[in-house]
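So the structure is just underneath, and the comments pick up after that.
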Amino acid sequence: MAKLPLIGEVGRVPEEGLAGLDHNFLTARIEEVVNWSRARSCWPATFGLACCAIEMMAAGGAHYDLARYGMEVFRASPRQADLMIVAGRVSQKMAPVLRQIYDQMAEPKWVISMGVCASSGGMFNNYAIVQGVDQIVPVDVYAPGCPPGPETLMHAIVTLHGLIENGEITRRRDSSEAGGAGIMVEQRDGQTASKMVITK
Amino acid sequence: MTAVEAIGSSLGDDSAVRRRDDSPVLRMSETEAAALGDVPAEHGDTRMLVNMGPQHPSTHGVLRLMLEMEAETVLRSKPVVGYLHTGMEKTGETLTYLQGATNVTRMDYASPLFNELAFSMAVETLLEIDVPERAVWIRMLMSELNRISSHLLFQATNGLDMGAVSAMIYGWRLREDTLRLFEKITGLRMNHNYIRPGGVAADLPDGWRDDLLRLTDALPDKVDEFDTLLTGQPIWRERLQGVGIVNAAECLALGLTGPLLRSTGYDWDLRRDMPYLAYDEVEFDVLVGTYGDCFDRYAIRLNEIRESLHLVRQILDKMPGGDYRIQDKKVTPPPRARIDQSMEALIHHFKIFTEGFKVPEGEAYAAVESPRGELGCYIVSDGGPKPYRLHMRGPSFVNLQVLPHMMANTLLADTVAIISSVDPIMGEVDR
Amino acid sequence: MTDESSDEEEQAEATAPESVHGAPVTSSRGQKVLHPDRDSYVEVVGALRADGYVMCVDVTAVDYLLDPARDLPPGVEPQRFEVVTSLINHAERSRVRIRVQVPDDDPVLPTLFDEYPGTEAMERETYDMFGIVFDGHPDMSRILMPEDWEGHPLRKDYGVGTVPVQFKAPEART
């Protein structure tokens, strides 16, 4: 095994201690450093669906400036994203696609359910809309509003940052099943939202 | 002689869109497409089926395209829609006419006020009532402001799709200015539920004139920045000119409306040609293109912002006084102040908001010129307080059909420019 | 334009009810409505297109299952479904609406694709939502709902699919 280059070889600690080093450093617990960096470069996947997507883009625009949180980089590929902002109503046809995108995201990953349609179906309590995206993917933060203004989205994001900073760094989603409120949509002819979900 | 008559002979040829076989439309179901993957390609057959969307940054939401490609060239394609199907027409049947505007406003979320307007006009046609003059002019004012914000949204997303990211930042910044005004007038940035059957929800707030003047003074210079940034820029022109060409005959055959139709030089705008509200009392130009390409559509939308500003200034001067909603006891709830004094007013208010008002039996269609084309609303009433059938004719839904024809034999990179220039709003496509 | 001369004669002959290209005409809230039967539907639309109705704006349907009463001219038998087509004449700035009765047991109507190719998506939507088949349509498949969906949502015997709203205290997350 090749010998790794070390800063100062073991056993040869300079007599003046660490003061002799010619660069700055900080000491911290690894959890805090990892969580800090994750929270501050949480890249969202573009998952704009409906009205909320417009407000999500507005939040990324000049006036609200998501870049303050290191989050203006909306990634087109789920492989490069940490956060899925489900912005808008999720239809029965979109549900499998949404789950697939979620599965393609690398751990650790988080989900914000933006707006009432994504959170609970909103005013569209009918055959076409999944009554809450939490039936398909586990949701960390729900942002209320129809649509939530950019301020509400930012509040959700800051809340999520709090969750990330206090979270376990080795946390993985324990199962592919969504948590949610445990409400499954029974369709008229036995077509359920879960039936259409592409599972692993 | 109108331009429509003058253009008559120069419409072009629509045989391309009439072909059943050998058409650029890929008529293939998902099952067939999936089965295709198992069949090994014949030797020498270099065609492949590429899926684009529904989760794609340049498909304006959840549009999905099946593209048959030969290397980088698109041969046939099929837009697959329905990923945002919300069942709004079904939900609309369970909501009263007062609640209905809340439902339809969420269809075309870039220009929500037009949905409300079309819906309200259809209901008013059924009721056979005329809204007061001030309500008409407020509706016009809001429509034109909404047209501005919608076209600014187009400039932002179009720029983003083309890789001109600064256009996006400029577009959103300007859009915020109009949204702030919307928020002041209607209480919401989007999905206002402001235009309702019988008038509008509330009168214009104090100081609206100053705010509006500030906007109309500031916007023109800022809109000019798009010209500076984009219009003359060689890369921008190279990217858009000559891409996605469509002629007038094809537009008519496919039912295309709005800037798409006008980009071909076909002079048709419902506001001028079949005036509704008070559009016959104001002056404005209908902008047309020449070549029917993406650049023309970009230029038309940019200039329509200026034209709408011109309209807003006229409306500002001509805004009449009076009531902002019809004083018809059947349709309008009593004023808030009277509810505190009169038991009857309270009951009346309660009944209107719980049961809703009844609309006489019949059917009617009303259409407005939304930023994307003809937005129609067809309502069938059975005499009850809820529509028996509510149908919205979304311009984006029909306009999307042109994609395969525009994309045939273009490069994959141009598909993004073409989708963007059609400016579909998927909420309206799928409803 | 042989149609026009014969049409004028027809109009002169028929005093009431009025008819255009052989289809009875009514007025609904001041809007012109034609009521051709299923067999003459395409023919009437074709004749209207020759008259200058250059664009087909909309194709949709209504399910009159729950409310069979409606305003129809004498001689037109009401059926469960009604396909509603809107055409527009740009030169005369006029619209016309065509309402065709389609029976429940045989929900088939000829397509307008050859007259107006733009009806392709609208007819697919009508098929998807009502199960009305357009004969001769190049791609009669679902457009808005998933391909394997059962039922046609906008039919009146198809429920709205409302789910009772449930509330549940969130479980503690790990």
On the basis of being of a type in the set (A, V, I, L, M) and part of a helix (DSSP H, G or I), does B:Leu309 make the cut? yes
If we scan segment B:144-154, do we find a residue that is buried (at least 24 other Cβ atoms within 10 Å of the Cβ), farther than 17 Å from B:Glu369 by Cβ and more than 13 Å from chain A (Cβ to nearest Cβ)? no
When segment B:90-111 is checked residue by residue, the ones that are hydroxyl-bearing (Ser, Thr, Tyr) and either within 19 Å of B:Val368 (Cα to Cα) or without any contact (Cβ under 8 Å) to a residue 40 or more places away in the chain (or both) are B:Thr91, B:Tyr97, B:Thr102, B:Thr105, B:Tyr109, B:Ser111
Which condition from (1) within 14 Å of chain A (Cβ to nearest Cβ); (2) assigned to a loop (DSSP other than H, G, I, E, B) is the one that B:Val131 breaks? (1)
Among (1) touching a strand residue (DSSP E or B) at 6+ places or on another chain (Cβ under 8 Å); (2) free of Cβ contacts under 8 Å to residues at least 12 places away in the same chain, B:Leu256 falls short only on (2)
Of (1) among the small types (Gly, Ala, Ser); (2) within 11 Å of chain C (Cβ to nearest Cβ); (3) within 26 Å of B:Thr102 (Cα to Cα), A:Ala156 satisfies all except one. Which? (2)
Going by the conditions given, is B:Gly82 touching an Asp or Glu at 6+ places or on another chain (Cβ under 6 Å) and of a type in the set (Gly, Ala, Ser)? yes
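Residue-wise test of (1) in a helix (DSSP H, G or I); (2) more than 30 Å from C:Cys56 (Cα to Cα).
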site: B:His349; (1), (2): yes, yes
site: B:Ile352; (1), (2): yes, yes
site: B:Glu369; (1), (2): no, no
site: B:Ile379; (1), (2): no, no
site: B:Gln401; (1), (2): yes, no
site: B:Pro404; (1), (2): yes, no
site: B:Ile419; (1), (2): yes, no
Elements of type helices (runs of 4 or more DSSP H) contained in segment A:27-140, each with 2 or more residues being under 30 Å from C:Asp148 (Cα atoms) and without any contact (Cβ under 8 Å) to a residue 40 or more places away in the chain: A:95-104, A:115-120
Given the conditions (1) within 11 Å of another protein chain (Cβ to nearest Cβ); (2) out of contact with any helix residue (DSSP H, G or I) (no Cβ under 9 Å at 6 or more places or on another chain), which single one is not true for C:Asp114? (2)
Residue match in segment B:72-87 (condition: within 9 Å of chain A (Cβ to nearest Cβ) and surrounded by fewer than 18 Cβ atoms within 10 Å (Cβ to Cβ)): no
Output for segment C:114-136, where each listed residue is in contact with a Ser or Thr (Cβ under 7 Å, 6 or more places away or on another chain) and surrounded by fewer than 19 Cβ atoms within 10 Å (Cβ to Cβ): C:Asp135, C:Gly136
Restricting attention to segment A:94-112, does a residue exist that is away from chain C (no Cβ under 14 Å), surrounded by 21 or more Cβ atoms within 10 Å (Cβ to Cβ) and of a type in the set (Gly, Ala, Ser)? no
Hey, among C:Val76, C:Val44, C:Val100, which residue is more than 24 Å from B:Asn399 (Cβ to Cβ), among the β-branched types (Val, Ile, Thr) and modelled with pLDDT under 90? C:Val76
Determine whether segment B:363-383 contains at least one residue that is in contact (Cβ under 8 Å) with a residue 24 or more places away in the chain and closer than 30 Å to B:Thr73 by Cβ. yes
Going by the conditions given, is B:Ser149 under 20 Å from B:Gly100 (Cβ atoms) and under 16 Å from the mean Cα position of the chain (by Cα)? no
Please count how many residues of segment A:72-91 are more than 11 Å from the chain's Cα centre (by Cα) and surrounded by 14 or more Cβ atoms within 10 Å (Cβ to Cβ). 9
Of the residues C:Ile98, C:Ile88, which single one is free of Cβ contacts under 8 Å to residues at least 60 places away in the same chain, touching a Ser or Thr at 6+ places or on another chain (Cβ under 8 Å), in a strand (DSSP E or B) and under 26 Å from B:Pro360 (Cβ atoms)? C:Ile88
Quick check on C:Val108: is it at negative phi, loosely packed, with under 14 Cβ neighbours inside 10 Å, modelled with pLDDT of 85 or more and of a type in the set (Val, Ile, Thr)? yes
Testing C:Pro164 on (1) crowded, with 18+ Cβ neighbours inside 10 Å; (2) within 14 Å of chain A (Cβ to nearest Cβ); (3) of a type outside the set (Gly, Ala, Ser), one condition comes back false. Which one is that? (1)
Within the bounds of segment C:21-42, is there any residue that is free of Cβ contacts under 8 Å to residues at least 12 places away in the same chain and in a strand (DSSP E or B)? yes
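The values are calculated or read from the model by the stated rules, or taken from the named source; none is laboratory data. Note that the coordinates shown come from a computational prediction; the quantities given were computed from them, not determined experimentally. We place every Cβ from the backbone using ideal geometry, glycine too, and count neighbours over all the protein chains shown.
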